[in-house]
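Only one structure is covered here, and it is reproduced in the block below.
The values are calculated or read from the model by the stated rules, or taken from the named source; none is laboratory data. Treat the numbers as computed from the prediction; the structure is a model and nothing was measured. When we count neighbours, we look across all protein chains shown, and the Cβ atoms used for this are built from the backbone with ideal geometry, even at glycine. For the accessible areas, the whole protein counts, side chains as well, though only heavy atoms, and no ligand, DNA or RNA atoms are used. Shrake-Rupley method; radii C 1.70, N 1.55, O 1.52, S 1.80 Å.
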Amino acid sequence: MNSTIKKLDLTMTLFFDAEFARRSETLQKDSEEFYLYQSKNKDKDTELSLPDDELIEHYKKNAGLKPAYNRLICLSIGTISPSTGEVILKSFTGEEESIVREFYKVLNPFIIKTEDGGTTGFKFDYICGYNILGFDLPMIRYAALKNDPNIITGAKGLPNEFNDSGKKPWEMKVIIDLMDQFKGTYFYNMSLKEVCYMLQIPSPKEGGIDGSMVSDVYYGTEGGLDIIEKYCKRDVLAVINIIKALRGEQIVEEYVDRG
């Protein structure tokens, strides 16, 4: 554990996780998406295009990880109450654009007028998640660009300290990516599930799905989005518990659900 984790004020840290599904339920032949995806995914040995059925299956399994071919379907945030110490979780679902707008609003400091005529405000010092520098943050930014670039640049847009565009990972000083924290100088990354196993923390994957299943659950399961939302919240809770475990604090199993 490094000094940042040790000194972190958990009540001033926003924890989050985002889930993405493939853009289309099935890759349609002779569509613009089909030809674009085909040009980007060829046989590595021959450089020839994959047969149509293989390409469609490749899309089904992998498109959720690619910004031009996925869609943001759920984003969950977590905070820790400064008064009670309770973990509070909330999810945003619905249209991709509205999810991004709501998340960026949360990242913006807000000012409240008090009864005595003064003002009070709140601002997160850090945001924390697992693989958020390499995946979640840039993917959310891409989701904003696909819908309306003003989502980023507007008054309630993306604060510069949380914007990864044009920056190096080490320049993102207010981002705590637990995957990088664990990797250190080791050769390989560890999955969130592996970290939970190592620290004896309940895995978010114990709810019946993992990240590789999100697209299929979203398109093929009745009530799929509700299942994904619960899974996304478990991811956030796991991240909070990893921080607590590293600090020698008691992990939590219960949380306040703000819907």
Failed condition for Gly208, given (1) farther than 28 Å from Asp9 by Cβ; (2) modelled with pLDDT of 85 or more:
(2)
Residue that is modelled with the lowest pLDDT [pool: residues in segment 48-95 that are among the polar types (S, T, N, Q) and outside any strand (DSSP E or B)]:
Ser83
Picked from segment 157-201 (must be under 24 Å from Phe124 (Cβ atoms) and among the polar types (S, T, N, Q)), the residue surrounded by the fewest Cβ atoms within 10 Å (Cβ to Cβ) is Asn160
Which numbered condition in (1) touching a residue at least 12 places away in the same chain (Cβ under 8 Å); (2) closer than 30 Å to Tyr255 by Cα is the only one that Leu27 fails?
(2)
Checking the structure you have, find out if any residue of segment 202-214 is open to solvent by less than 60 Å² (accessible area, probe 1.4 Å), closer than 20 Å to Glu25 by Cα and either part of a helix (DSSP H, G or I) or of a type in the set (Phe, Trp, Tyr) (or both).
yes
If you go through Glu222, Glu229, the only one that is out of contact with any Gly (no Cβ under 7 Å at 6 or more places or on another chain) and either among the small types (Gly, Ala, Ser) or outside any helix (DSSP H, G or I) (or both) is Glu222
If a residue has to be closer than 21 Å to Thr79 by Cα, open to solvent by 10 Å² or more (accessible area, probe 1.4 Å), touching a helix residue (DSSP H, G or I) at 6+ places or on another chain (Cβ under 6 Å) and among the aliphatic types (A, V, I, L, M) to count, how many in segment 215-252 make the cut?
3
Any residue in segment 57-70 that is open to solvent by 60 Å² or more (accessible area, probe 1.4 Å) sitting within a Cβ distance under 8 Å of a residue that is of a type in the set (S, T, N, Q)? List the pairs, counting only those 6 or more apart or interchain.
Lys60/Thr26; Lys60/Ser215; Lys61/Ser212
